[in-house]
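First the structure, in the form of structure tokens, and then the observations on it.
The values are calculated or read from the model by the stated rules, or taken from the named source; none is laboratory data. These numbers were taken from a predicted model, which means no experiment stands behind them. No Cβ is skipped: glycine too gets one built from the backbone with ideal geometry, and neighbour counts run over all protein chains shown.
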Amino acid sequence: MRFIYFYSSVCMIIFFSASLNAKEALHELIDRHVEQKAKGLAVAAVADDLEFLRRASLDFLGRIPTLQEQKDFLADKSADKRGAWIDKALASKSGAKRLADFFHIHFMERLGDNPQWREYLENSFFENKPWNVMASEILKGKRSEEQKSGAGFFISKRLENYGQNPVDYSGLARDVGRLFLGKDLRCAECHDHLFVEEYKQQDFKGLFAFFENTYLKDAKTMLVAEKLTSKKLEYASVFKKEKKETGPRVPGLMEVSIPDFPKGQEYLVPPDPKKKFQGVPKFSPLEELSKTLPDSANTSFSRNMVNRVWFFVMGRGLVHPLDLHHAGNPASHPELLDMLAKVFEAHKYDVRWLISELAKSKTYQRSSRMDQKLPAKEFFVYGLEKRLSAEQLLASILVATGRWNKDKPGEEPSFPEALLQKYMKAFANAAREPEDEIAFSLQAALFLLNDSTVLKLLEPDEGSLVAQLEKIQDERKAIELAWLSTLIRKPSEYEVRFALEVLKKAKDSKYKVLVWGLLASSEFNLNH
Amino acid sequence: MFLQKKADQPAGKTKLIKTVNLPSQANAARFSKDGRFLVLGCMDGQIRLLNDSYEELPPIALHHGWVQTIDCSSKDESFASGDSWGGLAYHKIQQGNIQKVWHDPKAHSGWIKKIALSNDSSTVASCATDQMIRLFSTKDGSKIREWSYASSQPMALCFSPDDKTLVVSDLNGKLDEFVVNNGEKKRSFDASIFYKLDRIQDVGGVRSIAFSPDGNLMACGGCKPSTGGFVQGMTVIKIFDWNSGKELKTVQGSSDNDGFVHDLRFLNNKELVAVSSGQPGNGKLFFLKVEENQPYHTVSNYPNCHAVAVGSEGKKLAVVATNSNSSGNGKVLDKEKKYPANFSPVHFLELLS
Amino acid sequence: MNKMQKCFSKEHNISRREWFQHLGVVGAAGMFSPAFAEAIKKKDKQVMFIWLDGGISQLESWDPKPNTTFGGPFRAIPTNVNGIHISELLPKTSMHMDKMAIVRSLSTKDNSHSAGVDRIQRGDPKNRGVTYPYIGSAISKLMGPCEEGMPPYVWIKPMNGGFISKDAGFLGPKYGAIAFGDGKPPDNLPRAQTVSKELDDIRKEFRAKLDLQYRKGRMPENSEAATAVFDMADKLQQRLDLFDPANVSAKDAERYGTWDLGRHLYLGRRMLEAGVRFVKVTSYGWDTHGDNFNGHLSLVSKFDKSFAALMDDLHDRKMLDNVLVIVLSEFGRTPRINGHHGRDHWPEAWSCAMAGCGLKKGIVSGKTNALGTEVEGKSHDIGSMFHTWFSALGLDSASLEYDNQGQPLPVAHEDEKAVTEVLA
């Protein structure tokens, strides 16, 4: 008994000491938590400047750094150059675009694309819109023509039907549960979840009730509308058959009460059967959803986003998989997650601040390599490998081969549409398959091997990498330039030696072969 | 036999006299020489006859598979019938009784698609999926001649006005004229509009052939397929000048749902009547003047028509249609929770001039 | 971080299973137990899956009812197995009945194409809220590639090709199909014109070496997976001869037929010989709601010729011992003949034809009544066929499970059983 008391006291002291030190920045607090958990384990050293720069450029600008950017960063002797670099990147237009790209892939899961949606995301991230405001804007759907922003795409796209299949309302409810609350309630649609005690059928149905009366009015303009919701949703478990009902309800929160209007007074704008107009009801479940879900009363909301941001920065969620938060699947660092969720709320759901603090931590900046045997990933004691999106890979290959023309300072060039489509075909997942895991496909390999546009990048035209290499007399110097341009580091002596052999074997095509190999390597095609 | 309510008729060319519901779907119908009997070939293997009081005689059950095709003699009250197992038979109607003259169950080793009696009633010609063209004596069923039709699947045939040649039409979009006496090919007529290769399916075919009474015109019918599988296609009738062999016109319908012109007959030297069957529920009876490019009168309320017979000197028609609601996925049950077969209503129409 | 949970739900008939949290990256799904993975690794068994899309009519093929109300115009013919008759439209196939096993008692739930095709090819398992893999992806996962290193799941089809990840369901895109559109190789398979064989070898070797370097000090899985993919690309590239029409003899072209199904069954056979684990060949256009009889006359005759040529070749090469051949559609066709002389969709009572690995020879299992309107006796849903195919391939389908991120999932509908009558 006394032992238990002793230990819990010690834990309490540790916990309080970890959280009460008000002078500690969040990133320091994060490191404390991680280091405490990792006690006794070997940890990787902090990454050197180039390893950091590559990782951070990919994460926060969506591409590898140019040679000039590498030089500038190495030459920078200021005290907190990494922190300053992070802040500058996150505040830039390119930073906003990169976040928008990631968010689009993460939340739309390649279901489709829309320029207004993209614009909405880029603007929101550029002005650092708080996450609860964004979530509200997205969940309310675009229900009037006057609404200008493209936030409605998340809902409108999911209300389209495909071929002979009806509209997938269950899919929409499920996606909202997963992406905004971190709970995959799919297995709770027909009965209480069989493995996860906390996921009840009433949770799924409550979420479903927000959407059952929505419908798509116009896919092009993302316009959605709602039929009258005047009664609760009836349901029964396939096992128990007892009839139940629920109004719209965010899991974990109170049910939204459905107002009981006298007949004839339910509508703001009454329906007109002649014009096939369904009317605009006074009670809007989507409106209620947009108000109740992104609220501090809903702890799942902040925990989910914090976990996803953690995944974005670190490469693995504290809760893994990302949409399976429940008692039986605890976070790798439960107190850390609790704390992050609380400070995120306290900082008014400031995404940029959260990302910057995560990025400034030692945890983020550790090298991905260790001399010793690597501990399990969830200890976060070394930099984790991360998948690169088609967009990141295209931008990076253009930078690496010297075809990244920065003609507009402060802005990143855009890709030719045809080239982007090719990259998407080779590297993007099909719709509804989250790009959370690393999966190098056969089509990606064939694409890199034989696609004419990829091989064209290796041509020695003016300013290209291969052209530059061919001008260099000393092969060793050329090899170093090739490595720096593609892998953002210098080659080891061993690597120089086998590179020299390759140059010898490949003769006239030596630099094409050399650069191709570097661009096709796992080191180029992953973030680490 | 069931009595059906009169279908609504548009004002004009035809007037419905009577509808008789057969207990089975029917493929073919022809009036006997004096128009006193309508002879029908049915999917249940029976030949059925309806007399001029619209009563059914006892059916003839000697066939197997489907009775696919019927042709009546123009010289007397006899007729030939062919089935989908290759059986061929000849019958005489005497004092309201049908007598079998002969029956050859193995006349072909495949599905007889069409038979045709020569104008002088001496010969019955048949074509089948065994890709053989055969000629038999109507007297005793002995085989007169045969030749192979290896180029395609034969679909229909018809004797020329002078009985000297036989026109055979096929699946792949042509008609061939053969000399009756030796099977030599004389002429070919292009009908490629009637055929399409859709994926691996050969779709379409020239389904019906008829000659004008004066022998100057040959008309043929089918569809212009747009897809195989459930088969979509516009109705097509092609008319040729028989003597020169030149194509005079192609008359095409407007909707892909209209399907095949399964049967066509000349009412006189200037007018044709034809029936079509397309998507389930879709059937047309239409009248075409040979100088015109579109039918001048169409009746669209008989679903899925497969045969049209002309009797009483062109004053009476019989149209073999199908019941409505004939299609449906899965096990569609009727009110008594049974799974019945479809059937053919036969509509007797008076032609108003 | 380990947490064990047990499911006691009798309704799902799952025996007590432990649900593990996985440490580290597992991938989208892995085998539930490593021991199982080793035990079931049968390298030499393969599948030829012939999909007749749209619904072949069982009445015009495997289960004719000549001279009955709904029987249609055609006859039945005897086969080289005493007592077994099939449609007269399959004369060549009738000479292979002594190698075949036909199930005539299929009765399934879905009469629509878009949902039906999916449900049949995914085995219509109990709803677990996950998308089950198509049979090709399932075999690709459960049995892996053959030792030749060719892609395990290949789909030969008309029109477009590509990488079809949706087949894989929850298994993840890695287990999708590589589709050869019109029998052509995938995009970028042939070595680029501007790269000689010599340079190709040099650059691939260099890339592989870089990856070895990359692995130092890191977890090797991702780089190993990438190298494995490049190896598979290599293997496939070495077999470009498979795609070259010049390599098809005039005799074989004639035997199989020059239509797409013929050409593709021939290519399918060659793919099996090259070591592809699961070959799917699809023929489209079987949905004969109109003109069903002329339609099937054309379609089935072509199938008959191509299929018989395939069976001849598989038999001659003794491949029927280890290749499971399956001929299937998403449903059969209605006995009732509609006004357009077509037959409509009919999942109520239809057939699946098979031959080869693990099956009895020359047998029919199950029957329909005289009119073909109902299964007589025990009927089987598609889950039973999945059990049957898995069993024929030596997999214990009743106890085998997938592991979907900790969620154990039976490989086939757990209420169904294999049709033991056809199993050897």
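Scanning the stretch A:338-357 for residues that are among the aliphatic types (A, V, I, L, M) and within 24 Å of residue A:82 (Cα to Cα) turns up A:340, A:343, A:351, A:354, A:355. Residue A:170 meets the conditions (1) assigned to a helix (DSSP H, G or I); (2) in contact with a His (Cβ under 9 Å, 6 or more places away or on another chain); (3) modelled with pLDDT under 95; (4) of a type outside the set (Val, Ile, Thr) in every case but one. The failed one is (2).
When you look at residue B:164, is it touching a residue at least 12 places away in the same chain (Cβ under 8 Å) and within 16 Å of residue B:72 (Cα to Cα), yes or no?
no
Restricting B:320, B:332 to residues that are at pLDDT 95 or above and of a type in the set (A, V, I, L, M) narrows the list to B:320. Taking the stretch C:171-192 as the range and being in a loop (DSSP other than H, G, I, E, B) and under 19 Å from the mean Cα position of the chain (by Cα) as the test, the residues that pass are C:172, C:176, C:182, C:183.
Could you please find all residues in the stretch B:222-252 being assigned to a strand (DSSP E or B), surrounded by fewer than 21 Cβ atoms within 10 Å (Cβ to Cβ) and hydroxyl-bearing (Ser, Thr, Tyr)? Within the stretch B:222-252, B:226, B:227, B:250 meet the criteria. Scoring residue B:304 on the criteria (1) on the phi > 0 side of the Ramachandran plot; (2) surrounded by fewer than 19 Cβ atoms within 10 Å (Cβ to Cβ) leaves a single failure, condition (2).
The set of residues in the stretch C:108-126 being part of a loop (DSSP other than H, G, I, E, B) and either touching a helix residue (DSSP H, G or I) at 6+ places or on another chain (Cβ under 7 Å) or surrounded by fewer than 20 Cβ atoms within 10 Å (Cβ to Cβ) (or both) consists of C:108, C:109, C:110, C:112, C:123, C:124, C:125, C:126.
When you scan the stretch A:426-435, do you find a residue that is crowded, with 21+ Cβ neighbours inside 10 Å and farther than 23 Å from residue A:122 by Cα, even just one? Working first, answer last.
Narrowing the stretch A:426-435 to residues crowded, with 21+ Cβ neighbours inside 10 Å: A:426-427, A:429.
Remaining after also requiring farther than 23 Å from residue A:122 by Cα: A:426.
Looking through the stretch A:426-435, at least one residue is crowded, with 21+ Cβ neighbours inside 10 Å and farther than 23 Å from residue A:122 by Cα.
Of the helices (runs of 4 or more DSSP H) that lie entirely inside the stretch A:444-510, those containing 2 or more residues that are closer than 16 Å to residue A:396 by Cβ, in contact (Cβ under 8 Å) with a residue 12 or more places away in the chain and more than 10 Å from chain C (Cβ to nearest Cβ) span A:475-486. Picking from residues in the stretch A:163-195 that are among the acidic types (Asp, Glu) and at the interface with another protein chain (Cβ under 9 Å from one of its Cβ atoms), the one that is surrounded by the most Cβ atoms within 10 Å (Cβ to Cβ) is A:184.
The residue pairs whose first member lies in the stretch A:256-281 and is aliphatic (A, V, I, L, M), whose second member is loosely packed, with under 12 Cβ neighbours inside 10 Å and not in a loop (DSSP other than H, G, I, E, B), and whose beta carbons are closer than 9 Å, counting only pairs six or more residues apart or on different chains, are A:280/A:268; A:280/A:269.
Is the stretch A:142-155 home to any residue that is away from chain C (no Cβ under 14 Å), part of a helix (DSSP H, G or I) and either in contact with a Gly (Cβ under 7 Å, 6 or more places away or on another chain) or more than 28 Å from residue A:344 (Cβ to Cβ) (or both)? Checking the stretch A:142-155: at least one residue is away from chain C (no Cβ under 14 Å), part of a helix (DSSP H, G or I) and either in contact with a Gly (Cβ under 7 Å, 6 or more places away or on another chain) or more than 28 Å from residue A:344 (Cβ to Cβ) (or both). Of all residue pairs spaced 6 or more apart or on separate chains, those with beta-carbon atoms under 7 Å, a first member in the stretch C:191-203 that is free of Cβ contacts under 8 Å to residues at least 60 places away in the same chain and at the interface with another protein chain (Cβ under 7 Å from one of its Cβ atoms) and a second member that is surrounded by 15 or more Cβ atoms within 10 Å (Cβ to Cβ) and among the acidic types (Asp, Glu) are C:191/C:200.
The strands (runs of 3 or more DSSP E) falling completely within the stretch C:255-374 that include 1 or more residues that are within 12 Å of chain B (Cβ to nearest Cβ), charged (D, E, K, R) and in contact (Cβ under 8 Å) with a residue 60 or more places away in the chain map to C:332-337, C:343-346.
When restricted to residues that are assigned to a strand (DSSP E or B), within 11 Å of chain C (Cβ to nearest Cβ) and under 17 Å from residue B:276 (Cβ atoms), the stretch B:196-221 contains 3. Of all the criteria given as (1) on the phi < 0 side of the Ramachandran plot; (2) assigned to a loop (DSSP other than H, G, I, E, B), the one not satisfied by residue C:232 is (2). Examine the stretch C:156-164 for a residue that is at the interface with another protein chain (Cβ under 7 Å from one of its Cβ atoms) and either touching a residue at least 40 places away in the same chain (Cβ under 8 Å) or assigned to a helix (DSSP H, G or I) (or both), and state whether such a residue exists. Looking through the stretch C:156-164, at least one residue is at the interface with another protein chain (Cβ under 7 Å from one of its Cβ atoms) and either touching a residue at least 40 places away in the same chain (Cβ under 8 Å) or assigned to a helix (DSSP H, G or I) (or both).
From A:160, A:212, A:198, A:245, which residue is surrounded by fewer than 19 Cβ atoms within 10 Å (Cβ to Cβ) and outside any loop (DSSP other than H, G, I, E, B)? Don't jump to the end; show me each part of the working.
Values: A:160 fails: outside any loop (DSSP other than H, G, I, E, B); A:212 fails: outside any loop (DSSP other than H, G, I, E, B); A:198 fails: outside any loop (DSSP other than H, G, I, E, B).
When all the criteria are applied, what remains is A:245.
Kindly indicate which of C:175, C:214 is more than 7 Å from chain A (Cβ to nearest Cβ), surrounded by 16 or more Cβ atoms within 10 Å (Cβ to Cβ) and among the hydroxyl-bearing types (Ser, Thr, Tyr).
Values: C:214 fails: more than 7 Å from chain A (Cβ to nearest Cβ).
Step by step, each of C:175, C:214 is checked, and only C:175 is more than 7 Å from chain A (Cβ to nearest Cβ), surrounded by 16 or more Cβ atoms within 10 Å (Cβ to Cβ) and among the hydroxyl-bearing types (Ser, Thr, Tyr).
Scanning the stretch A:94-120 for residues that are without any contact (Cβ under 8 Å) to a residue 24 or more places away in the chain and either in a helix (DSSP H, G or I) or over 17 Å from residue A:415 (Cα atoms) (or both) returns A:103, A:104. Could you grab me the full set of residues in the stretch C:261-278 that are aromatic (Phe, Trp, Tyr) and over 15 Å from the mean Cα position of the chain (by Cα)? Result: C:266, single match. Of all residue pairs spaced 6 or more apart or on separate chains, those with beta-carbon atoms under 8 Å, a first member in the stretch B:320-339 that is more than 7 Å from chain C (Cβ to nearest Cβ) and a second member that is surrounded by 14 or more Cβ atoms within 10 Å (Cβ to Cβ) and of a type in the set (D, E, K, R) are B:332/C:336.
May I ask you to list the residues in the stretch C:135-145 that are surrounded by 20 or more Cβ atoms within 10 Å (Cβ to Cβ) and either farther than 25 Å from residue C:262 by Cα or in contact with a Gly (Cβ under 6 Å, 6 or more places away or on another chain) (or both)? Show your work before the answer.
The first filter runs over the stretch C:135-145 and keeps only residues surrounded by 20 or more Cβ atoms within 10 Å (Cβ to Cβ), leaving C:135-143.
Across the stretch C:135-145, the qualifying residues are C:138, C:141, C:142, C:143.
Just checking, how many residues over the stretch A:291-339 are more than 15 Å from the chain's Cα centre (by Cα), surrounded by fewer than 22 Cβ atoms within 10 Å (Cβ to Cβ), away from chain C (no Cβ under 14 Å) and in a helix (DSSP H, G or I)? Result for the stretch A:291-339: 7.
Out of the residues in the stretch C:42-96 meeting the condition of being free of Cβ contacts under 8 Å to residues at least 40 places away in the same chain, more than 14 Å from chain B (Cβ to nearest Cβ) and not in a loop (DSSP other than H, G, I, E, B), tell me which one is surrounded by the most Cβ atoms within 10 Å (Cβ to Cβ). Only one residue tops the list, namely C:86.
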